[in-house]
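This report refers to the structure that appears directly beneath it.
The values are calculated or read from the model by the stated rules, or taken from the named source; none is laboratory data. Owing to the predicted nature of the structure, the values given are computational and were not obtained by experimental measurement. Cβ atoms come from the backbone with ideal geometry, glycine included; neighbour counts cover every protein chain shown. Only protein heavy atoms, including side chains, enter the accessible area calculation; ligands, DNA and RNA are left aside. Shrake-Rupley method; radii C 1.70, N 1.55, O 1.52, S 1.80 Å.
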Amino acid sequence: QVQLVESGGGLVQAGGSLRLSCTASGRTFNNYDMGWFRQAPGKDREFVAAISWNSGSTQYEDSVKGRFTISRDNVRSTMYLQMNMLKPEDTAVYYCAADPPLGRLRTILYKNWGQGTQVTVSS
């Protein structure tokens, strides 16, 4: 099992930027596909972005395409989400996740989850 810890959330004005980090420890981080999800109050957890273990493939939810960039550094066991042109509707708790079943990057059924970091975008 891998342990995941997110950081980098905070309060930002609309149009601003934040960079989230997810640092992993434990078993074989560098062999796991990983993703970012978010959950706003009263809503289901939503897929945001994912990246394969070797960074060969990325996927994004349509509303963040062109604004968010997912990346990873397997040497540092860290995954990142660069968020630009933030909108109030991006406000949510953001979670990192590792090891989806069968490489299904958009599924909510990842085996490992971080504790979440709050992102708040003001108008």
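General observations
- Among the residues of the range 2-22, those identified as open to solvent by 70 Å² or more (accessible area, probe 1.4 Å) and closer than 16 Å to residue 74 by Cα are 3, 5.
- Criterion violated by residue 102 - all others in (1) within 15 Å of residue 60 (Cβ to Cβ); (2) open to solvent by 10 Å² or more (accessible area, probe 1.4 Å) satisfied: (1)
- Qualifying positions in the range 2-46 - among the polar types (S, T, N, Q) and touching a residue at least 40 places away in the same chain (Cβ under 8 Å): 3, 7, 13, 17, 21, 23, 25, 30, 39
- Test: residue in the range 64-77 that is open to solvent by 40 Å² or more (accessible area, probe 1.4 Å), in a strand (DSSP E or B), under 25 Å from residue 121 (Cα atoms) and modelled with pLDDT of 95 or more: yes
- Considering the range 23-50, the residues that are open to solvent by 50 Å² or more (accessible area, probe 1.4 Å) and assigned to a strand (DSSP E or B) include one that is nearest to residue 67 (Cα to Cα), namely 46.
- For residue 59: the one exception among (1) over 18 Å from residue 121 (Cβ atoms); (2) of a type outside the set (Asp, Glu); (3) open to solvent by 70 Å² or more (accessible area, probe 1.4 Å): (3)
- Scanning the range 82-99 for residues that are assigned to a strand (DSSP E or B), out of contact with any helix residue (DSSP H, G or I) (no Cβ under 9 Å at 6 or more places or on another chain) and surrounded by 19 or more Cβ atoms within 10 Å (Cβ to Cβ) turns up 92, 94, 95, 96, 97.
- Among residues of the range 72-90 that are under 10 Å from residue 21 (Cα atoms) and of a type in the set (D, E, K, R), none has a beta-carbon under 6 Å from a residue that is modelled with pLDDT of 95 or more and part of a loop (DSSP other than H, G, I, E, B) at least six positions away or on a different chain.
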